[in-house]
Amino acid sequence: MGSPMIDDIELLAVQHIRQETDQDFVRQRIAGLEGTLHQKLGRRSHRVVLSGYLPPGTASDTLQKLQEKATSGEDVTFAADITVALQVDKMVIESFVAEQRVGPAGQIGYQLVLAESPPLPPPAELSSFGGLGDFGLGDLGFDPSALGDTLAGIADQAGAVMSAVDTALDAVQQVSALAGLADLANIGNPIKPISDKVGELGNIAPAVGELGNLVKGLTE
């Protein structure tokens, strides 16, 4: 392939190249197992370390370009024989070191560390209830679509409760009207105990109404 390339910069006087691949394993001890289980969490980024010299004729221009790329932190393309089988599209310059040595040609030595920078995966698609179907719940015998039917059934039951409460409230109003025809408290009003108990039922009506609104909101 020839000299390594960083974008359009050709590194002519490379003295040493090292490529590193690090598998991210977590060691797990299993009772009764001779040895240690290694659980793979995913490969870490490929890394490439280069060192060499910048030729005297173009040293200043090449040094400036490398320094600008290292400072920007943007992705670069890298091509070299040592990475031919890695299928690395983009890399970043993790570190760059330049060293000017005293001598007749004023040579500039350098060391570059590049690391693979893979693209981000596509964003997760959102669906009803936060995408429950994407987590494999169907494999556990649970159908996320059935949750909507369950909530609809709850809403129907809540509607029936609200209807019963409305009927009870109508009875409250009728009894209250009857009790208000005269002040019968002093002659042992037989309606007053019933009026008091039905009045307690009227006090719970707002709470039941809030419950019905909450369930309705879940199904919308």
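The values are calculated or read from the model by the stated rules, or taken from the named source; none is laboratory data. This structure is a prediction, so every number in the text was calculated from the model and none was measured. So basically every Cβ, Gly included, is an ideal-geometry build from the backbone, and we count neighbours across all protein chains shown.
Considering ASP24, ASP89, which residue is modelled with pLDDT under 90 and in contact with a Gly (Cβ under 6 Å, 6 or more places away or on another chain)? If you could, list the steps in order and put the result at the bottom.
Details: ASP89 fails: in contact with a Gly (Cβ under 6 Å, 6 or more places away or on another chain).
Sole residue among the options that is modelled with pLDDT under 90 and in contact with a Gly (Cβ under 6 Å, 6 or more places away or on another chain): ASP24.
Answer with yes or no whether SER51 is without any contact (Cβ under 8 Å) to a residue 24 or more places away in the chain and surrounded by 11 or more Cβ atoms within 10 Å (Cβ to Cβ). If you could, list the steps in order and put the result at the bottom.
Details: without any contact (Cβ under 8 Å) to a residue 24 or more places away in the chain: no; surrounded by 11 or more Cβ atoms within 10 Å (Cβ to Cβ): yes.
No: the conditions fail for SER51.
Among the numbered criteria (1) more than 12 Å from PHE96 (Cβ to Cβ); (2) acidic (Asp, Glu); (3) modelled with pLDDT of 90 or more, which single criterion is violated by GLU34?
(3)
When you go through ALA80, ALA85 one by one, which is the residue that is surrounded by fewer than 18 Cβ atoms within 10 Å (Cβ to Cβ), aliphatic (A, V, I, L, M), out of contact with any helix residue (DSSP H, G or I) (no Cβ under 9 Å at 6 or more places or on another chain) and in the same structural domain as GLN15 (by TED's automatic domain parsing)?
Values: ALA80 fails: surrounded by fewer than 18 Cβ atoms within 10 Å (Cβ to Cβ).
Matching residue, one of ALA80, ALA85: ALA85.
Just to be sure, is VAL14 without any contact (Cβ under 8 Å) to a residue 60 or more places away in the chain, in a strand (DSSP E or B) and over 17 Å from GLU99 (Cβ atoms)?
Working: without any contact (Cβ under 8 Å) to a residue 60 or more places away in the chain: yes; in a strand (DSSP E or B): yes; over 17 Å from GLU99 (Cβ atoms): no.
No; evaluated as a whole, the condition is false for this residue.
Between a first residue in region 20-46 that is farther than 19 Å from VAL92 by Cα and assigned by TED's automatic domain parsing to the domain that holds ALA80 and a second residue that is of a type in the set (Asp, Glu) and part of a strand (DSSP E or B), which pairs have beta carbons less than 9 Å apart while being 6 or more apart in sequence or on different chains?
LYS40/ASP24; LEU41/ASP24; GLY42/ASP24
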